Amino acid sequence: MNKLIFKFVLNDTLFREAIKMKKLMLILLFAVSAAVLQADIISVNFAQNEGQFVLAEEAAGLAGYEAENFNNFSGASGSGELVDQFGNTTPAFLTYTSSNMWGDGTAGTDTPDGKLSSGYLDDGVTTAPYGVDISVSGVPYAQYTVIVYHATDGADGYVDVTVNGQTQNCPTTDRWGELGEWIEGVNCLVFTGVSGESVDIQVLNRDGSMRGSVAGFQIVYEVDAFRTSHPVPALWSDWIPAETTLEWTGPTAYEASDYTIYADPNRLLVEDGDPGVYFLASTFETSQAVSLENGTTYYWRVDASDPNIGGDPAVYQGRIWSFTTEPAEVLLDENPVSLTVMAGQTAEFTLAATNAQTYQWYKDDAPLSDGGNISGATTDTLVIDDVQLADEGFYHCVVSNEVPSEEVTSAARLMIGRMIAHWPLNGTLEAIVSNSDENWDGVYVDPNEANPPGVVEYVDGADGSPQGAVKFNGEAVVQIPDSAEFFNFHPQGLTLTAWVLGPSAGNWHRPVNKGGSYGIVHQEAGWIDMIVEGAPWQNVVPADKADVWRFVAMTYDPESQQRTVYSVYDDGGVVELLQSSTLSQTTVNAGTTDLIIGGASATDAEFNYHGTVDDVRIYNYPLDSEQILQIHSEINDENVCVEFPALDIAGPEGVGPEYRDCRVDIYDFAAMVETWLNCNLVPDCIE
């Protein structure tokens, strides 16, 4: 067992004289400030809305415990990380549940304490189980005080509050808004001597007939001016590197002459101050570099020596702290991300791992080596230059070290930007594909196994061509076999286009659907919506414009995290206009069912379509508006206005927004000439 024993002793006379003078100054300073609480405080405020948030620079709380940097939470339940009164991140993590969040109208929000009192968690029920449950894990203090702030709906009675097994009660009648102050035992409760890595708070009405409520709480660690404090790594923290530096804050009541550090996986040895602990050192500094074992929980303390100039020296024993070092095994911190790049571009897959020594990349389970357009096959970054169709596949990496330890990353998919499939539906269910090795031909199926699917009903298409579209009966659908997994590339990018003709025979009926991933819905009232699952449906065609063939399109761009829908129709004017809307989408879900045309499911007809579908196309990257219109023009070659020019104010039929023709020409010039030199200046033009 490695031991580091180092004793640093101060003997210099001049230095001790300087310490003596500084000690006298500290004694005076400590006497003046003894009444001021020295503490670390984690504060939480529950609020109905942002107007009840206690701002970072505002101090609130029971007298003597006022603190800034409250952690504000809204909603009847929630969770999140917590900072202390200095705004420093702590290991503490809050989770809470209740049935309601309410507000106390008597408190007001013109003061920080009013904000603290205004919003509160409330159990809001009169049947078991009752109560509000709050849990904080990773409390970075060994022993501390918990203050629970109560709010009320004015009912008579008492609320029981339990903190880590200690129970007190608080009347439900005395609001902060009526008293104008926090009073212990009246509208807040103070629990002392609390210990443990977690805090569990339950607020419970005794009989459930009134509401148990919590406006907020504080966890207070009172700093002993004679002992060391503020350990780094923080108490209970984990994933600490084996090569690290222990740090602490010295006592404030005196200038320590030196510090003695005890650290060992055996807590009893540290508590006893056993000189045989794993790590023992003395230093004048408030930090010490150490070399520890991986995957081990260490207990440590730092004793401070008070030279007590003019008296007997004293040693103040430090509190026991603990932390856990990171394991020696390979730990994956970041997996490679799936990519879609255009043909000829470069793709890079990157991972991040702790304790990694060797890397080996694979494509479709075959090991890769450097050469050709591949480089970095045995590093943390795989580079593929001049990406082509042959490079498409799933890539993963095996990461290992000499422990031995091995981890395998998740598989990342590489695709080139391309049209995956195009179903013209012109007398056939066959698909046009960009990869000859793929087959996405459709199969006509009926969810009711007792009914044969019958014959596909082909009708006039969106371009008027005979047998150019499929009319669906609300039962049978076109299923794309084996598409469930492959067509889940949409988080890497997507374009879906189709021509749709109603009327729909019911709500939520799907002309195109990749269940759980993306699709089109045609409602009975007429309007058409589109979706990439993970965000709400987005309207693409309003009800009053959906009575004829309508072209609809949707794109998802993972780089901008935006979804855009497009359609083409006049908006009360004389020309067809490209209509579009965009929303932000950060979450993208993926389903597990095959792609369906003409319905939602091949096994359940509830949302299958009763209408006509033509020319469905799916791409694995987002097209731009001009490319979208090119697809539209293949079916309908009439001109479409992308955007009205700024000076387009008229057309052949007249002047005004409804007559614009999407070009600036003689009609616009004539309209401007009619008003040329018109003047409304007073008094130059109007007397």
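Place +1 on the Cβ of every Lys and Arg and -1 on the Cβ of every Asp and Glu in the chain, take the dipole about the Cα centre, and give the residue among 667, 403, 371 whose Cα lies farthest towards its positive end.
Sorting the options by dipole projection puts first 403.
Classify the stretch 402-479 as rounded, prolate or oblate, taking a ≥ b ≥ c as the square roots of the eigenvalues of its Cα gyration tensor: rounded when a/c is under 1.5, otherwise prolate if a/b is larger than b/c and oblate if not.
Because a/c hits 1.5 or more and a/b fails to exceed b/c, the stretch 402-479 counts as oblate.
If you take every DSSP beta bridge fully contained in the chain, what fraction is antiparallel? Give it as a percent rounded to 5.
Given both bridge residues lie in the chain, the antiparallel proportion sits at roughly 95 percent.
Taking θ as phi - 60°, what are the ³J(HN,Hα) couplings along the stretch 91-97 by the Karplus curve (6.51, -1.76, 1.60), each to the nearest whole Hz, with x for Gly and Pro?
So the Karplus estimates, Gly and Pro as x, are x, 5, 9, 9, 9, 9, 9 Hz.
Ignoring ligands, DNA and RNA, what percent of the accessible area of the chain is carbon or sulfur (1.4 Å)?
Within the chain, the accessible surface is 50 percent carbon and sulfur.
With a Förster radius of 56 Å, plug the Cβ-Cβ distance of residue 320 and residue 366 into 1/(1 + (r/R0)^6) and report the FRET value to the nearest 0.05.
About 0.60, to the nearest 0.05.
Across the chain, how many lysine pairs, 8 or more positions apart or on different chains, have C-alpha atoms separated by under 24 Å? Please give the number.
Qualifying lysine pairs in the chain: 5.
Given [x] 162; [y] 314; [z] 187, which label gives volume of the Cα convex hull per residue in Å³ as computed from the coordinates?
[y]
What order do you get for 245-252, 550-557 when each peptide is scored by the mean count of other beta carbon atoms within 10 Å, highest first?
Answer by packing, highest mean first, reads 550-557, 245-252.
Before anything else, pin down the relative contact order of the stretch 286-402: Cα pairs under 8 Å, at least 6 apart, normalised by residue count, whole percent.
22 percent
In the stretch 283-400, with Lys and Arg counted as +1 and Asp and Glu as -1 at Cβ, which of these residues, 322, 353, 338, has the Cα nearest the positive end of the dipole, that is, farthest along it?
322
Just grab the label-to-label distance for residue 682 and residue 482, each label 7 Å out from Cα along the Cβ direction, in nm (one decimal).
Distance between the two pseudo-spin positions: 8.0 nm.
Taking the Cβ of residue 617 as the center, what net charge do the other residues with Cβ under 13 Å away carry, scoring Lys and Arg +1 and Asp and Glu -1?
Taking every other residue near residue 617 into account, the sum is -2.
What list of ³J(HN,Hα) couplings, whole Hz, do you get for the stretch 377-384 from phi and the Karplus terms 6.51, -1.76, 1.60, once you set θ to phi - 60° and write x for glycine and proline?
Result, rounded to whole Hz: 5, 10, 10, 7, 10, 9, 10, 10.
Between residue 352 and residue 642, what FRET efficiency follows from the Cβ-Cβ distance if R0 is 51 Å, with the result rounded to 0.05?
0.75
Evaluate the charge dipole of the chain about its Cα centre and quote only its size in Debye, nearest 20, assuming +1 on the Cβ of each Lys and Arg and -1 on the Cβ of each Asp and Glu.
2100 debye
Report, in deg cm²/dmol and to the nearest 500, the calculated mean residue ellipticity at 222 nm for the chain, where each DSSP H run with n ≥ 4 adds -39500 (n - 2.57) and the sum is divided by the residue count.
Calculated from helices alone, the mean residue ellipticity at 222 nm is -2500 deg cm²/dmol.
Amide H to amide H, which residues 5 or more places from residue 119 or on other chains are under 5 Å from it, using H placed in the peptide plane?
Under 5 Å from the amide H of residue 119: 48, 104.
Expected output is a single nm value to one decimal: the length gained when fully extending between residue 406 and residue 195, i.e. 0.36 nm times separation in residues minus the C-alpha distance. What is it?
Stretched out fully, the residue 406 to residue 195 stretch lengthens by 72.1 nm.
Would you kindly state how much longer the chain becomes between residue 587 and residue 267 on full extension, computed as 0.36 nm times their sequence separation minus their alpha carbon distance, in nm to one decimal?
The span from residue 587 to residue 267 would gain 110.7 nm if fully extended.
Which value, in debye to the nearest 20, describes the size of the charge dipole of the stretch 396-539 about its Cα centre when Lys and Arg Cβ atoms bear +1, Asp and Glu Cβ atoms bear -1, and nothing else is charged?
Rounded to the nearest 20 debye, it is 400 debye.
How large, in Å, is the stretch 562-661 by the Kirkwood hydrodynamic radius built from its alpha-carbon pairs?
So the Kirkwood estimate lands at 16.9 Å.
In vacuum, with every alpha carbon of the stretch 239-359 counted as one equal point scatterer, what does the Debye formula give for log10 I(q)/I(0) at q = 0.17 Å⁻¹? Two decimals, please.
-0.89
Quick one: what does P(r) look like for the stretch 325-408 with 10 Å bins over all Cα pairs, in whole %?
18, 49, 24, 8, 1
With a 1.4 Å probe and all protein chains kept in place, how do 537, 499 rank by accessible area, largest first?
Of 537, 499, the descending order of accessible area is 537, 499.
In a shell of Cβ-Cβ distance under 11 Å around residue 584, excluding residue 584 itself, what net charge do Lys and Arg (+1) and Asp and Glu (-1) give?
0
Using amide H atoms built in the peptide plane, which far-off residues or other-chain residues are under 5 Å from residue 71 H to H?
Residues meeting the amide H criterion: 43, 44, 45.
Assign one of three labels to the stretch 498-638, namely rounded, prolate or oblate, based on the Cα gyration tensor with a ≥ b ≥ c the square roots of its eigenvalues; rounded applies when a/c is under 1.5, prolate when it is not and a/b is larger than b/c, and oblate otherwise.
Oblate, because a/c is 1.5 or more while a/b does not exceed b/c.
Provide the FRET efficiency to the nearest 0.05 for the residue 110-residue 428 pair, computing r from the beta carbons and using R0 = 56 Å.
Computed FRET efficiency for residue 110 and residue 428: 0.20.
Give a residue-ordered list of calculated ³J(HN,Hα) values for the stretch 588-595 (Karplus: 6.51 cos²θ - 1.76 cosθ + 1.60, θ = phi - 60°; whole Hz; x for Gly, Pro).
Couplings: 10, 9, 10, x, 10, 10, 5, 5 Hz.
Can you sort 115, 514 by solvent-accessible area, 1.4 Å probe, largest first?
Largest accessible area first, the list is 115, 514.
The values are calculated or read from the model by the stated rules, or taken from the named source; none is laboratory data. Only a predicted model underlies this, so the values are computations on that prediction, with no experimental measurement involved. Cβ atoms come from the backbone with ideal geometry, glycine included; neighbour counts cover every protein chain shown. These accessible areas exclude ligands, DNA and RNA; they are computed on the full protein's heavy atoms, side chains included. Shrake-Rupley method; radii C 1.70, N 1.55, O 1.52, S 1.80 Å.
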